[in-house]
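The values are calculated or read from the model by the stated rules, or taken from the named source; none is laboratory data. Only a predicted model underlies this, so the values are computations on that prediction, with no experimental measurement involved. Please note: Cβ atoms are built from the backbone with ideal geometry, for glycine as well, and neighbour counts cover all protein chains shown.
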């Protein structure tokens, strides 16, 4: 058996139909053309754990697949390898391989970004100056690059470094896509869990121009009365 054959054996056509609708795969939508087999995330993770020692070429076969769950499995395997290895050089190799997949357009839906970027982004935390890289991603025409830019900062948040999220959020403040509004709002909410005053300072400066979705996501942990206050800006 292979990871691909095990994933195909778990296919559920009725669930696949629902997933293709949920992930907006119709013409003109953000996930246009994506093909689902109908697996649950726990099913994919179980297969990934079994094949966590695959080589880069074998992982690339999964990540470059037309099937969404193959790509998800390959990315989960990559996160498992990243977490199991401690040497900076190994982390660099995995990060570079990951960005190669992103550049090729294979990390092309929000769940694929969200399951992998907070873990692979740990590599950036160890870098002397990660800002130019994050800023370049945040200016990309690619929706998924821009989502990577903000979700990478989750690794910094977990390391106690909140400024990268604030800076990239500022850069994405006027982004037009709802998936960026949600991602930025989510990361700002995570900042607020650790430093409520920092989030409130950001909101004081920016709430009036923030997309409503971004603002709502960022203040979810506030009291009802405080949420009402910010939404009145």
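What residue, among those in the stretch 95-105 that are surrounded by fewer than 20 Cβ atoms within 10 Å (Cβ to Cβ) and touching a helix residue (DSSP H, G or I) at 6+ places or on another chain (Cβ under 6 Å), is farthest from residue 149 (Cα to Cα)? By that ranking, first place goes to 97.
The helices (runs of 4 or more DSSP H) located wholly in the stretch 176-233 that include 2 or more residues which are surrounded by fewer than 18 Cβ atoms within 10 Å (Cβ to Cβ), at pLDDT 95 or above and under 22 Å from the mean Cα position of the chain (by Cα) occupy 178-194, 212-218. Only a single item in (1) at positive phi; (2) not in a loop (DSSP other than H, G, I, E, B) is not met by residue 33, and it is number (2). All conditions but one from (1) in a loop (DSSP other than H, G, I, E, B); (2) surrounded by fewer than 16 Cβ atoms within 10 Å (Cβ to Cβ); (3) touching a helix residue (DSSP H, G or I) at 6+ places or on another chain (Cβ under 8 Å) apply to residue 170; the one that does not is (1). Of the residues making up the stretch 5-34, those that are farther than 14 Å from residue 109 by Cα and either touching a helix residue (DSSP H, G or I) at 6+ places or on another chain (Cβ under 6 Å) or not assigned by TED's automatic domain parsing to the domain that holds residue 47 (or both) are 6, 7, 10. Yes or no: the stretch 86-97 includes at least one residue that is assigned by TED's automatic domain parsing to the domain that holds residue 6, closer than 17 Å to residue 154 by Cα and under 16 Å from the mean Cα position of the chain (by Cα). Looking through the stretch 86-97, at least one residue is assigned by TED's automatic domain parsing to the domain that holds residue 6, closer than 17 Å to residue 154 by Cα and under 16 Å from the mean Cα position of the chain (by Cα). Yes or no: the stretch 66-80 includes at least one residue that is touching a strand residue (DSSP E or B) at 6+ places or on another chain (Cβ under 9 Å) and either more than 22 Å from residue 8 (Cα to Cα) or surrounded by fewer than 21 Cβ atoms within 10 Å (Cβ to Cβ) (or both). Yes; the residues of the stretch 66-80 include at least one that is touching a strand residue (DSSP E or B) at 6+ places or on another chain (Cβ under 9 Å) and either more than 22 Å from residue 8 (Cα to Cα) or surrounded by fewer than 21 Cβ atoms within 10 Å (Cβ to Cβ) (or both). In the stretch 60-83, is there at least one residue being without any contact (Cβ under 8 Å) to a residue 12 or more places away in the chain and more than 24 Å from residue 184 (Cα to Cα)? There is no residue in the stretch 60-83 that is without any contact (Cβ under 8 Å) to a residue 12 or more places away in the chain and more than 24 Å from residue 184 (Cα to Cα).
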